[in-house]
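The block underneath contains the structure these notes are about, expressed in structure tokens.
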Amino acid sequence: MASEEPIIRLRNVGKKFATANGTVVALEDINLDIQKGEIFGIIGLSGAGKSTLVRCINMLETPTAGEVIFEGEDLAVQNNRQKRMARRSMGMIFQQFNLLAQRNVLRNVCFPLEIAGVSRQEGKKRAMELLELVGLADRSGAYPAQLSGGQKQRVAIARALATNPKVILCDEATSALDPNTTKSILALLKEINKNLGVTVIVITHEMSVIEAICDRVAIIDQSHIAEIGTVAEIFSEPKSKIGRQLILGDAVNQVSFSDSRQIRIIFDGRESTEPVISNLVLACKVPVNIMYAATRDIKGKAMGQMIIQLPEDEADGQRVLNYLKTVKIPFEEVDKDAI
């Protein structure tokens, strides 16, 4: 999947905005490599800088520092025509769809082709092929107001693909959709990535979206990259405070800790069907208290972590530790401040 030369490289990218209240730093010292053909996630809380970052990637916003390198070319030093050509290679999908209300579905998909100078007949042919791809060929004459949210986003995806882009940028593309529709849109993006080889960059604040389709993920916090890794790495052992917050949620703050020992068990790729805790209890013949758990099934592998409370009896507790060592399950002793 990965190539030697990343399709997109960000080097020391910064973005500042001048406001009435002074300068606002939206991005600072952003360094990212995005490989051709991967699905790359960028996640962060509201206001972290995600949308500014995606707009710097396609030069809708010009960075105030650093380089945005697309297929070996620094977009920041290109003229407007070159930037437009590069932008044509980057389709974009928005949270609110951004369809043209006065155009029907077919003409919405044709719109970027018209701008690119494609003939009307050729554009219509291409648009119908794309509507077939996204499962909406039968709605080509409908207008946006007649479509559901999921259908609107499928039209937006078809439109984003119209100019044969090498990259699709998805800025909170599923935030306005219900869970079932979100699932179908993510499945469609995954299918497009697999069958067309299009690199997909997903901007989101939802960890479930990252989990569902991404290969790697960068966590952005307060204008900086907090950590980058494979989805499996980040889910099994987030290293940053914001990473733990995004993955574990607020559950950790609600846990009541007693004086008995706490053990963090790390799930880093065991079969998700393996009943680890049940086996532990049966083998050791002692109870353990699950304080909280944040585990996910990612492609059949268990990823994440769980904190259990050991029995008060020291011998019973040691039996649990010995069992974990024997079956090679990674763990560490923690206290409340270490989580």
Worksheet item: Which residue, ILE308, ILE234, ILE43, tops the fluctuation ranking in a GNM of the chain built on C-alpha contacts under 10 Å?
Response: ILE308
Discussion item. Cut-off 10 angstrom, C-alpha nodes, Gaussian network model of the chain. Which of THR199, THR64, THR174 fluctuates the most?
Written reply: THR64
Worksheet item: So how far apart, in nm, are the two label points at SER148 and GLN102 if each is 7 Å from Cα heading toward Cβ?
Response: 3.0
Worksheet item: Taking the structure as given and computing Cα extents along the principal axes in Å, which label from [x] 84, 53, 39; [y] 48, 46, 45; [z] 79, 49, 40 fits?
Response: [z]
Worksheet item: Of LEU196, ALA20, MET85, which is farthest along the charge dipole of the chain in the positive direction, counting Lys and Arg as +1 and Asp and Glu as -1 at C-beta?
Response: MET85
Item to complete: Would you calculate, for the chain, the mean residue ellipticity at 222 nm contributed by helices, counting each DSSP H stretch of 4 or more residues as -39,500 (n - 2.57) and dividing by all residues, to the nearest 500?
Response: -10000 deg cm²/dmol
Practice prompt. With springs connecting C-alpha atoms under 10 Å apart, model the chain as a Gaussian network and identify which of SER236, SER175, SER278 has the largest mean-square fluctuation.
Written response: SER278
Worksheet item: So, counting K/R as plus one and D/E as minus one, what does the shell of residues with Cβ under 12 Å around VAL202 add up to?
Response: -3
Worksheet entry | Gain on full stretching of the segment that runs from GLN318 to LYS183 - 0.36 nm per residue minus C-alpha separation | 44.2 nm
Worksheet item: Which distance in Å, rounded to a whole number, links the C-alpha centroids of the range 98-140 and the range 214-241?
Response: 37
Worksheet item: Using the beta-carbon distance between LYS328 and ASN289 and R0 = 25 Å, what value does 1/(1 + (r/R0)^6) give for FRET efficiency, to the nearest 0.05?
Response: 0.60
Item to complete: Treat the count of other C-beta atoms within 10 Å as a stand-in for reagent exposure and order GLU132, GLU28 from fewest to most.
Response: GLU132, GLU28
Item to complete: Report, by chain and number, residues whose modeled amide H sits under 5 Å from the one on MET92, excluding near sequence neighbours (fewer than 5 apart, same chain).
Response: LEU169
Fill in: Residue-span extension gain [ARG270 to THR19] - 0.36 nm each, minus C-alpha spacing
85.3 nm
Practice prompt. Kindly express, to the nearest 10 degrees and within the range 0 to 90, the angle between helix 120-133's C-alpha long axis and the longest C-alpha principal axis of the chain.
Written response: 20
Worksheet item: If each residue's Cβ is checked for other Cβ atoms within 10 Å, how do PHE97, PHE17, PHE40, PHE331 rank with the fewest at the top?
Response: PHE17, PHE331, PHE97, PHE40
Discussion item. Compute the distance from the alpha-carbon center of the range 179-213 to that of the range 157-173, in whole Å.
Written reply: 12
Discussion item. Once you keep just the Cα pairs under 8 angstrom separated by 6 or more residues, what percentage relative contact order results for the chain?
Written reply: 17
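Bear in mind these aren't lab numbers, they're just calculated from the coordinates by the rules spelled out. This structure is a prediction, so every number in the text was calculated from the model and none was measured. FYI the Cβ positions are ideal-geometry reconstructions off the backbone, even for glycines, and counts take in every protein chain you see.
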